[in-house]
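J.: Below is one structure. I have some questions about it.
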Amino acid sequence: MLSDEGLSPRVGDVVEVRSAAEILATLDEHGELDSMPFMPEMLRYCGQRLTVHKVANKTCDTLNRSGLRRMDDAVHLAGVRCDGGGHGGCQAACLIYWKHAWLRKVDPLDEPASVVAVSTASPAGTADWAGAPVPGADRLLPLLAVASRGPAGQDDVDVYRCQATELLRAAPQQLPMRHLGQFVDDVRTGNVGLLRSIRALLVLLYNRMQGVSSRFLPSWLRIRGGRHWGYLRGRATTKTPTGTTDLQPGELVRIKSRQEIELTLNAALLNRGMGFDAEMARFCGRTARVARRVDHIIDERTGRMLHMRNPCIVLEDIVCEGAFTANCPRSIPPYWREVWLDRLDSRPASAGDRSAAARSATGSVG
C-alpha cells in the first residue's frame, strides 16, 4: 500500500491526486480503502492539482441520525462534487471524500498556475464523467464500475454503492460531544475559526440541555418549549401546503422568511416529507440564483434511485455550513421546496448577477 508521505493537510493546501495505477494499489477487491469507495466519478481528477476545501475529520450521520461520526485520513477538495455519472445520474452532488493515500504533497514552490480551478456552483455534466483519457484507467475503471453496483433487489431494480451509502462503514465510530479535541482540530486544520468553533460547542451544549429538559421537566419549566437552537416550530394545522412555480436554473429567488416557511411545516418540521432545519433558516431572506432542479437521487439507506414527485431546488453557493451541527464539513446543498422561495425575476443570470448572489450567499449569516 502506498504511503501518504505524512500528509497532514490544512485548508488551502494544494495537493495532487495520484495516478490511477497508484490509487489502484491502495484499493481492496471492492474498490475501497478503509471501507471508503473510490468512485468512477473521481477517476478524471487523477494527476490534477487541487486545493483542500475542508479536512474531513468528522461527518454527520444522515442515514441513522446518530449524530457525528469520526472520519480518519480524509479531505474534501474545493469544488469537487460527485456528478453522478457513474451512479445513474444521481443529482445529490455530494462533496467527495479523498483519503490521504490517494493524494500526494505538492511542493509549495511549484508553479501555482498548475492548480485546477473547479466550479463550486454545480457538479460537472454527467456526459463527461470519465473525463479525458486517464493513464492506467483501463485497469482501474472496470473495478470501479463493478463496485459501484450492489446486488439487484427482487424486483430487479438497480442498487448503487457510493461514498454516501457506505459512510457508516467508513466512519464506524461515533464522535460524542465530550471529545472536545474535535473542536481544537476544527481550528487547527483551518476548517473554521476560533469563534465559530466556540459557537458550535455552545450550541451543542444548549441542544443537549434542551433534550434533557424535554425528557425530565414539565413543559412550563422548559426554555422555549425545549426546542433546539433556532427554535423552529411547524405551524401547519392541516396537510402541509405545496406549490409549483417551475423555477429554472439561473432564475433569481428570495428565500422566504422564517415565519412564512414555518406555516408550511408540520410538527416534525417536514413539508411533504422534506425537512427544514435551523441550518437552512440562517439563509431566510437571502437572494440566490437557482442552480438546478433535483428530481432523482440515490437513497443512502437502500442504494436505490428515488424519483421525486415534486422536484426540489438547489441554490447556487448555498450549502450547509455546519454552524449548528458541530462544524460538520460535508457542505451538503440544502433542498428547497418551491413553496419556500419567491421568484424575483426570470432573467438569465449575468456574470455580475452571479457575483452579487455569491457575495450575498457567502456573507455573514446569523
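J.: Quick check: is even one residue across segment 266-286 touching a Cys at 6+ places or on another chain (Cβ under 6 Å) and of a type outside the set (Val, Ile, Thr)?
T.: Yes.
J.: Filter segment 244-274 down to the residues that are assigned to a loop (DSSP other than H, G, I, E, B), open to solvent by less than 30 Å² (accessible area, probe 1.4 Å) and in contact with a Leu (Cβ under 9 Å, 6 or more places away or on another chain) and list them by number. It would help to see each step written out before you state the result.
T.: So the first thing to find is which residues in segment 244-274 are assigned to a loop (DSSP other than H, G, I, E, B), and the list is 244-251, 256-257, 263-269, 272-273.
Okay, now just the ones that are also open to solvent by less than 30 Å² (accessible area, probe 1.4 Å), so 247, 250-251, 264-265.
Answer for segment 244-274, where residues must be assigned to a loop (DSSP other than H, G, I, E, B), open to solvent by less than 30 Å² (accessible area, probe 1.4 Å) and in contact with a Leu (Cβ under 9 Å, 6 or more places away or on another chain): LEU247, GLU251, LEU265.
J.: Could you list, in sequence order, all residues of segment 146-204 that are of a type in the set (Val, Ile, Thr) and within 30 Å of ASP28 (Cβ to Cβ)? Working first, answer last.
T.: Of segment 146-204, the ones of a type in the set (Val, Ile, Thr) are 146, 157, 159, 165, 184, 187, 189, 192, 198, 203.
Answer for segment 146-204, where residues must be of a type in the set (Val, Ile, Thr) and within 30 Å of ASP28 (Cβ to Cβ): VAL146, VAL157, VAL159, THR165, THR189.
J.: Conditions first: (1) over 20 Å from the mean Cα position of the chain (by Cα); (2) outside any strand (DSSP E or B); (3) surrounded by fewer than 18 Cβ atoms within 10 Å (Cβ to Cβ). ASP317 passes all but one, so which condition is the exception?
T.: Going through (1) over 20 Å from the mean Cα position of the chain (by Cα); (2) outside any strand (DSSP E or B); (3) surrounded by fewer than 18 Cβ atoms within 10 Å (Cβ to Cβ) one by one, ASP317 breaks only (1).
J.: Would you please list the contacts, defined by Cβ atoms under 6 Å and residues six or more apart or on different chains, that run from a residue in segment 275-287 that is open to solvent by less than 10 Å² (accessible area, probe 1.4 Å) to a residue that is assigned to a loop (DSSP other than H, G, I, E, B) and among the aliphatic types (A, V, I, L, M)?
T.: PHE276/LEU265; PHE276/LEU269; PHE283/ILE318
J.: Taking LYS54 as meeting all but one of (1) charged (D, E, K, R); (2) in contact with a Pro (Cβ under 7 Å, 6 or more places away or on another chain); (3) surrounded by fewer than 23 Cβ atoms within 10 Å (Cβ to Cβ), write down the number of the exception.
T.: Only one criterion in (1) charged (D, E, K, R); (2) in contact with a Pro (Cβ under 7 Å, 6 or more places away or on another chain); (3) surrounded by fewer than 23 Cβ atoms within 10 Å (Cβ to Cβ) is unmet by LYS54, namely (3).
J.: Sticking with this structure for a sec: How many of the residues in segment 161-194 are farther than 16 Å from ALA56 by Cα and at pLDDT 95 or above?
T.: 4
J.: Out of all the residues in segment 11-36, which are within 26 Å of GLU321 (Cβ to Cβ) and touching a Gly at 6+ places or on another chain (Cβ under 6 Å)?
T.: Once the filter is applied, which keeps residues that are within 26 Å of GLU321 (Cβ to Cβ) and touching a Gly at 6+ places or on another chain (Cβ under 6 Å), segment 11-36 yields only VAL11.
J.: When you go through (1) open to solvent by 40 Å² or more (accessible area, probe 1.4 Å); (2) within 24 Å of ALA164 (Cβ to Cβ) one by one for TYR45, which number turns out not to apply?
T.: Single failed check for TYR45: (1).
J.: Let me ask you something else. Go through segment 150-178 residue by residue and tally those that are loosely packed, with under 14 Cβ neighbours inside 10 Å, in a loop (DSSP other than H, G, I, E, B) and in contact (Cβ under 8 Å) with a residue 24 or more places away in the chain.
T.: 5
J.: Looking at segment 8-24, which of the residues that are crowded, with 18+ Cβ neighbours inside 10 Å and within 22 Å of VAL184 (Cβ to Cβ) is modelled with the lowest pLDDT?
T.: For segment 8-24, the residue satisfying everything is PRO9.
J.: Another question, if that's okay. Go through segment 198-243 and give me each residue that's open to solvent by less than 80 Å² (accessible area, probe 1.4 Å), part of a loop (DSSP other than H, G, I, E, B) and closer than 18 Å to CYS328 by Cβ.
T.: The one that is open to solvent by less than 80 Å² (accessible area, probe 1.4 Å), part of a loop (DSSP other than H, G, I, E, B) and closer than 18 Å to CYS328 by Cβ: GLY230.
The values are calculated or read from the model by the stated rules, or taken from the named source; none is laboratory data. Just so you know, these numbers come straight off a predicted model, no measurement behind them. Note: ideal-geometry Cβ built from the backbone for every residue, glycine included; neighbour counts use all protein chains shown. Note: accessible area is taken over every heavy atom of the protein model, side chains too, but ligands, DNA and RNA are not part of it. Shrake-Rupley method; radii C 1.70, N 1.55, O 1.52, S 1.80 Å.
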